[in-house]
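The values are calculated or read from the model by the stated rules, or taken from the named source; none is laboratory data. No experiment lies behind these values; they were computed from the predicted model shown. Cβ placement follows ideal geometry from the backbone for every residue including glycine, while neighbour counts extend to all protein chains displayed.
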Amino acid sequence: MEDEEPPVLTAVSSSARQLYLLLRCIAFSNKAHVQISDLGLKLAVDEASAMEASAFLDKSLFTTYTFNAPAQSQNPPHPDSDDDLDPPSATTPTFQISLPALLETLQIFGLTDPSTSKPPWARDAPYPTSTTFTGNNILGGMNNLCRIIYDIPGAPLSVTLTEASIRTQCDLTTYEAEYTDEIPFDRQALALKVIMRGSWLHDAVQELSSTTPEKLTMYAKTVRGKPFFALSSSGTLGSARVEFNNQPRPSAYRTPASTNLADPPAQPPTNLLETFQLSDPDTVLRSSYKFSLIQRAARAMSVATKVSIRADTQGVLSLQFMIEVEGGGSSGGGGKISFVDFRFVPLVEEDDDEDEAGDDVDETIMRHGSGSDEASEDDDML
Amino acid sequence: MRFKASIQNISTFTKLTASLNSLGPLAWVKLSEEQVCFTIIPEQGTQVWAVLSIDAIFATISVQSAANNVINLEVPLTSLNRALKSALNATSAHIRLTKNDKLPILALTIVTTTASNTYSAFPAAHTGPASHEDGFDASFDNDIGGGNRETIVTHEIPVRVLAPDTVAHLHEPACREPDVHILLPPLMQLKSISDRFTKLALADTKSSTAATATTSRTRLEVAANMHGCLKISIRSDAMSISSIWTDLNNPELDPGHVAGGEHGIAEHPSTRMKQLGTADGRSDQGWAVVSIDGRDWGKVMSVGRLGGRVIACFCHEHALILYVYLPNDNGDDESVLTYFISSYSA
């Protein structure tokens, strides 16, 4: 911390918990890419180039956020209506750190799991310096002061947490960034855009995961002007499908089998799909992904208020989760909104080889989609 | 050779044996009518020398032997701890040294009163515990006391009697005067944070190549200064993390306990250390550092369940000595557990 050159980044958050909750959504890899920009911190992880996930810590999450571009002039912030970050520009520092180490540091005071085991400090403290109340304060840990400093390029990323009279500092070794290319996702050529509640997607994926499938296939179609969206899983143990029918016709076929995923039969039905846009309403959009990769996003789904499901014409899937983190004290009122992004490369469809199977699936989809049959949420296609 | 005592504080005794057991399986127990000493000397790792006042554990005690009324035993702590755990709800518990088939045993007799009177599978036996000293664990119904039943359970713990010569050469490790002495924060808090450190460092070595896996010992650095700061830190390839406690207490030295009195204090290493370092712990100076095994430290910290004040004495790059004073009613610190942790050489 020399005086002559201000550190590249100084960020202070009044709640380490907020950061922890967001970063936990992408905690499936050992190393995370960190990208510092004027707008905030972006942490990204990838897996075998088939999927990538990133959490964006907006500068509004911090009480103080000072970024000094290390060299030359910093790029002007890109206007981005989609809340997606643009590819890194040359002057944004990018490096890798150990994500588990960062997460452990953020929860060093045990702030995340007050329920697990007995609170070790809540017991009668025999020390005059630590009464029961200060002990509880440490445990509750809602307002750990968290300071993130990145001094100069190549320096460790230092995270300092302060709680009562304990100060923890973790210097995370920064490694050279490994990749520069993101999974290309063409926002200008969207084939599909669906917005719905994150928990519904979570429920659907949970439901489908019971058969430990290998593949998740997404179908989207407009049927007589009505949106139709389905997730189907298939594996060695069988296959299953969850359908999201927007405004299903109140037909007599509607059986009590409908659950929370299906609409209540009362009129007017609430829209399951807040937004449904299909670039070509006449065809069925069908795209498959590796189920185990989709499952990596399960934690994000469970905490997200909304999820935007998008696929471009290449079939690349983007899941964007809107997550409201509680105020943490510094924010004026209500929760702050943050975004966690996932991108998945589609599995190569073998349409020609599996003609019968493919057609069969499509037909059942059509049948259900037209509302002529029972609208069950899980449907064996065997 | 006779030893008989009634246990007053079962929960303390249980926690004590559990803490000691994490460091070594066998304890040298030295019994006398003035005090009880538990000593653990593992092949490597932390030594514990505990001196307990009688009333910290026992209500009454009687010790008789040919060797100045001192009995030395080698006690398997796991068995003793297991036996004591079953006594946690006991109304009373007694321990005595006796013989079973000429083998010395410690017999722990536990009397439990249960309110249940639906269970009467055992025939009532109006016999005292004394006549069952050579029986196996047995339960007896005792109809005295209306609906309440008394259950008597006797645990037999095989022990070895140590001759005075065997233990004569065992002494507490001698150590030079410490550079820094400091009152530690609550041990459970310290343990929780240092356990996280150890876990982090281990996770890091696991994920890296086999070359680094050989050094699976996690080397935790513990340091303190004379300005109320304690620092624990660990280093791995991916990160280096440290926690600093500030505003801790450095107790004043008692001239009566330092060689040379007032002059001795002036010459004491800690007086010199007071000149160095700062109270916010940001200075690099004035730290007395020891480097110890993370897992071993975690085991030592388990003594935190006993509560009590802990004073740590740091001999820079040499050893760390912890004095754990057990809380007792009359305010005196008569019972003290001393942990000797030697530092890895740098």
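A few remarks follow.
- Checking B:Thr39 against (1) under 17 Å from the mean Cα position of the chain (by Cα); (2) polar (S, T, N, Q); (3) assigned to a strand (DSSP E or B); (4) over 28 Å from B:Ser343 (Cβ atoms), the condition it does not meet: (4)
- Conditions (1) modelled with pLDDT of 80 or more; (2) more than 14 Å from every other protein chain (Cβ to nearest Cβ); (3) over 19 Å from B:Leu187 (Cα atoms); number of the one not met by B:His263: (1)
- Verdict on B:Ser240 being part of a strand (DSSP E or B) and either modelled with pLDDT under 85 or of a type in the set (S, T, N, Q) (or both): yes
- Checklist (1) free of Cβ contacts under 8 Å to residues at least 60 places away in the same chain; (2) away from chain A (no Cβ under 14 Å); (3) out of contact with any helix residue (DSSP H, G or I) (no Cβ under 6 Å at 6 or more places or on another chain) applied to B:Pro255, failing item: (3)
- Every residue from the stretch B:266-307 that is among the aliphatic types (A, V, I, L, M) and within 14 Å of chain A (Cβ to nearest Cβ): B:Ala279, B:Met301, B:Val303, B:Leu306
- Identity of the residue in the stretch B:161-185, touching a Pro at 6+ places or on another chain (Cβ under 8 Å), buried (at least 22 other Cβ atoms within 10 Å of the Cβ) and not in a strand (DSSP E or B), that ends up nearest to the other protein chains (Cβ to nearest Cβ): B:Pro178
- Residue list for the stretch B:292-322, restricted to those being under 15 Å from B:Asp179 (Cα atoms) and in a strand (DSSP E or B): B:Ile311, B:Ala312, B:Cys313, B:Phe314, B:Cys315, B:Ala319, B:Leu320, B:Ile321, B:Leu322
- Taken over the stretch B:231-245, the criterion of being at the interface with chain A (Cβ under 7 Å from one of its Cβ atoms) and either more than 28 Å from the chain's Cα centre (by Cα) or more than 13 Å from A:Gln169 (Cβ to Cβ) (or both) is satisfied by B:Asp237, B:Ala238, B:Met239, B:Ser240, B:Ile241.
- Near pairs, Cβ below 9 angstrom, 6+ apart or cross-chain, from the stretch A:160-174 (facing another protein chain (nearest Cβ under 9 Å) and aromatic (Phe, Trp, Tyr)) to any residue that is surrounded by 18 or more Cβ atoms within 10 Å (Cβ to Cβ) and in a strand (DSSP E or B): none
- With respect to the conditions (1) more than 7 Å from every other protein chain (Cβ to nearest Cβ); (2) modelled with pLDDT of 50 or more; (3) part of a loop (DSSP other than H, G, I, E, B), A:Ile108 falls short on a single one, namely (1).
- Any chance B:Ile193 is outside any helix (DSSP H, G or I) and either more than 30 Å from B:Lys102 (Cβ to Cβ) or at pLDDT 85 or above (or both): no
- Of the residues B:Ala266, B:Ala279, B:Ala223, B:Ala259, the single one that is surrounded by fewer than 21 Cβ atoms within 10 Å (Cβ to Cβ), hydrophobic (A, V, I, L, M, F, W, C) and outside any loop (DSSP other than H, G, I, E, B) is B:Ala266.
Per-residue answers, yes or no, for (1) assigned by TED's automatic domain parsing to the domain that holds A:Gln96; (2) surrounded by fewer than 19 Cβ atoms within 10 Å (Cβ to Cβ); (3) under 22 Å from A:Tyr175 (Cα atoms); (4) out of contact with any Leu (no Cβ under 6 Å at 6 or more places or on another chain):
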residue	(1), (2), (3), (4)
A:Ser15	yes, no, no, yes
A:Leu21	yes, no, no, yes
A:Ile26	yes, no, yes, yes
A:Asn30	yes, yes, yes, yes
A:Val34	yes, no, yes, no
A:Gly40	yes, no, yes, no
A:Glu47	yes, yes, yes, yes
